Amino acid sequence: MKKKLLLIIILLFGVLFVSCSGDESDKPKTPILIDPSPITITAASTEFLFSGEDLELTGSNFVNKDYPTKVFVNEVEVTPKEITDTKILISSPNVKSGINVVRIQIQNINSIPLNFNAIAKGWNKINALGAINIYKSTVLENSKTIFSLLDTEIPKKLEAKSNGYTQTTINVPGFFEDFQMIDDKAGILISTPNASFTDDAFQNINKITTEYKFTSSKLNIGFLESNQCILNTMLGGQLYTNDNGKTFVKNQPPSWAINSNTGKIKLNVKTFGKSTSNGKFYQLGIIQDLNYNIDNNKNAVLESPTGYSDWAIKDTISKTGKNLSYNYKFKNINQILTINQVDNTLVQSTDMMKSWTVLRTNVNSVFLRTEKEWYIQSGDKLLVTKNSGATWELEMDLPVNSFISDISFSKSKIIISGFKGLHYLKLE
């Protein structure tokens, strides 16, 4: 009996123990929250962002398992494309032109804000060169650097920095008449009778020197595509190089460009270019009357398959258009544009300058991007057509009394240069 009673007591104690143990395991555990560690942004992928580019931040403590990570650009929360404890990738953040601010927040912990500069889409005023006259600028598709030639004949390089565009001087002494870059390293500076080529940002140069009889007035950069460059002269001579001036081919002006008896210049080439219609090169200008009677001036149209040899005369007998600017523009040789300087009309020739038709009134200058896309200054407005002048749209209101000297294009950028610091960059 005693043994049976002892067994019952042991069994009851075991049941109670198991029951109590089960009650303890069923109770919910209180989670232990880990406070966020200090957040540090050590670097950004760029200090100068173009709209459309990604921004990558590196640092530490970007992730906490108990609290979400929030990222703010200009105090607007954005959703990162990628996030780890040491990296955050923001896809194409919405930026404004000028200083922008990015910060990271986890619960009540904030990183120190990081500033970066940016260029937004649309037109942006570039102030790095001040109020000086700017002759021309080169805008590059795969670079943020801008190269400009001032009308004081000094070349400048504008670099994208955290505080905006900053100017630096090109490391070549002297004054220059023409300047263009192929990329950040390769480019050309012209100081007649010399042409200086570089492929290392002018740390070293390949100089070509010509003589006055060849140039008469000055050399011009007539054609530049990749490393192929043709320099042309008003007398119809060319220099061709495809290795940044290390070697070159020289084509003398035609024998009739200068009167052999008097030494007076007859040929005056104003425009040099390659036609999209047939891939051939053209020189456009005038045959000057030796008695300086402008009514007797003739058109000069020359054609070449290479641009530096085998020139054929297309026209030297038709009369020049009266009152026309000889600064002809074309992409397609069958569509040549210029300005009537008396009535400020934009005129077009479809027969290689033999006749002209009026396209638009009140035009100061014209710049061609493609066969169909043209830009004109009309008073204090920049207008654009994308259908060869059939319709026009307002592109930008210019400052009062503006004068545009040059417009340069890349695939997705446009840069305007002009007097009194007129300098605008557009991201498309």
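In the stretch 266-307, the qualifying residues are those that are crowded, with 16+ Cβ neighbours inside 10 Å, of a type in the set (A, V, I, L, M, F, W, C) and more than 19 Å from W356 (Cβ to Cβ), and the one that is nearest to the chain's Cα centre (by Cα) is F272. All of (1) more than 23 Å from Y135 (Cβ to Cβ); (2) among the acidic types (D, E); (3) touching a Gly at 6+ places or on another chain (Cβ under 8 Å) hold for D406 with one exception: (1). Regarding D351, is this residue farther than 17 Å from G122 by Cβ, open to solvent by less than 60 Å² (accessible area, probe 1.4 Å), touching a Ser or Thr at 6+ places or on another chain (Cβ under 7 Å) and charged (D, E, K, R)? Considered against the rule, which asks whether it is farther than 17 Å from G122 by Cβ, open to solvent by less than 60 Å² (accessible area, probe 1.4 Å), touching a Ser or Thr at 6+ places or on another chain (Cβ under 7 Å) and charged (D, E, K, R), D351 comes out as no.
If you check N340, N344, N327, which single one turns out to be open to solvent by 60 Å² or more (accessible area, probe 1.4 Å) and of a type outside the set (D, E, K, R)?
Numbers: N340 fails: open to solvent by 60 Å² or more (accessible area, probe 1.4 Å); N344 fails: open to solvent by 60 Å² or more (accessible area, probe 1.4 Å).
From the options N340, N344, N327, the qualifying one is N327.
When the stretch 368-381 is filtered for residues that are assigned to a strand (DSSP E or B) and in contact with a Phe, Trp or Tyr (Cβ under 6 Å, 6 or more places away or on another chain), the ones remaining, listed by number, are L368, Y375.
Pick out the one residue from I258, I265, I286 that is of a type in the set (A, V, I, L, M, F, W, C) and at pLDDT 95 or above.
Numbers: I258 fails: at pLDDT 95 or above; I265 fails: at pLDDT 95 or above.
One residue alone meets the criteria, I286.
Pick out the one residue from D406, D380 that is touching a Ser or Thr at 6+ places or on another chain (Cβ under 7 Å) and surrounded by fewer than 17 Cβ atoms within 10 Å (Cβ to Cβ). From the options D406, D380, the qualifying one is D380.
Within the stretch 396-419, if we keep just the residues that are touching a residue at least 60 places away in the same chain (Cβ under 8 Å) and charged (D, E, K, R), the residue that is nearest to N340 (Cα to Cα) turns out to be D406.
Is it fair to say I317 is among the hydrophobic types (A, V, I, L, M, F, W, C) and surrounded by fewer than 19 Cβ atoms within 10 Å (Cβ to Cβ)? Step through it out loud before you land on a result.
Values: among the hydrophobic types (A, V, I, L, M, F, W, C): yes; surrounded by fewer than 19 Cβ atoms within 10 Å (Cβ to Cβ): yes.
In short, yes.
Within the stretch 31-47, being of a type in the set (A, V, I, L, M, F, W, C) and under 16 Å from K70 (Cβ atoms) holds for I39, I41.
Being of a type in the set (F, W, Y) and within 16 Å of P173 (Cα to Cα) is the filter; apply it to the stretch 193-238 and report the residue that is surrounded by the most Cβ atoms within 10 Å (Cβ to Cβ).
F197
Return yes when Y326 is part of a loop (DSSP other than H, G, I, E, B), touching a Leu at 6+ places or on another chain (Cβ under 9 Å) and closer than 22 Å to N259 by Cβ and no when it is not. For Y326, the condition - part of a loop (DSSP other than H, G, I, E, B), touching a Leu at 6+ places or on another chain (Cβ under 9 Å) and closer than 22 Å to N259 by Cβ - is met. With respect to the conditions (1) among the hydrophobic types (A, V, I, L, M, F, W, C); (2) part of a helix (DSSP H, G or I); (3) within 28 Å of F179 (Cβ to Cβ), W256 lacks only one, and its number is (3). Scanning the stretch 239-252 for residues that are farther than 24 Å from F409 by Cβ, open to solvent by 30 Å² or more (accessible area, probe 1.4 Å) and assigned to a loop (DSSP other than H, G, I, E, B) yields D243, K246, T247, F248, Q252. Return a yes/no flag: does the stretch 19-34 have any residue that is over 36 Å from the mean Cα position of the chain (by Cα), more than 30 Å from E141 (Cα to Cα), open to solvent by 30 Å² or more (accessible area, probe 1.4 Å) and modelled with pLDDT of 95 or more. The answer is no; no qualifying residue exists.
Which is surrounded by fewer than 16 Cβ atoms within 10 Å (Cβ to Cβ) and either touching a residue at least 24 places away in the same chain (Cβ under 8 Å) or of a type in the set (K, R) (or both), of T370, T357, T361? Step by step, each of T370, T357, T361 is checked, and only T370 is surrounded by fewer than 16 Cβ atoms within 10 Å (Cβ to Cβ) and either touching a residue at least 24 places away in the same chain (Cβ under 8 Å) or of a type in the set (K, R) (or both). Applying the criterion of at least 1 residues that are within 28 Å of N242 (Cβ to Cβ) and of a type in the set (D, E) to the strands (runs of 3 or more DSSP E) found wholly in the stretch 93-202 leaves 178-181. Looking across the stretch 78-114, the residues that are under 31 Å from the mean Cα position of the chain (by Cα) and either open to solvent by 50 Å² or more (accessible area, probe 1.4 Å) or polar (S, T, N, Q) (or both) come down to T79, K81, E82, K87, S91, S92, N94, K96, S97, I99, N100, P113. Evaluation of D66 against the conditions (1) over 31 Å from the mean Cα position of the chain (by Cα); (2) charged (D, E, K, R); (3) open to solvent by 60 Å² or more (accessible area, probe 1.4 Å) shows that the sole unmet condition is (3). Within the option set N261, N291, N242, being farther than 27 Å from T320 by Cα and either without any contact (Cβ under 8 Å) to a residue 24 or more places away in the chain or of a type in the set (A, V, I, L, M) (or both) holds for one residue only, N242.
The residues in the stretch 123-136 that are open to solvent by less than 20 Å² (accessible area, probe 1.4 Å) and over 15 Å from Y165 (Cα atoms) can be counted, and the count is 1. Tell me, yes or no, whether the stretch 139-149 has at least one residue that is β-branched (V, I, T) and in contact with an Asp or Glu (Cβ under 8 Å, 6 or more places away or on another chain). So far as the stretch 139-149 goes, yes, one or more of its residues are β-branched (V, I, T) and in contact with an Asp or Glu (Cβ under 8 Å, 6 or more places away or on another chain).
The values are calculated or read from the model by the stated rules, or taken from the named source; none is laboratory data. If you're wondering where the values come from, they're calculated on a predicted model, not measured in any experiment. Cβ atoms come from the backbone with ideal geometry, glycine included; neighbour counts cover every protein chain shown. Side chains included, ligands, DNA and RNA excluded: accessible areas come from the protein's heavy atoms. Shrake-Rupley method; radii C 1.70, N 1.55, O 1.52, S 1.80 Å.
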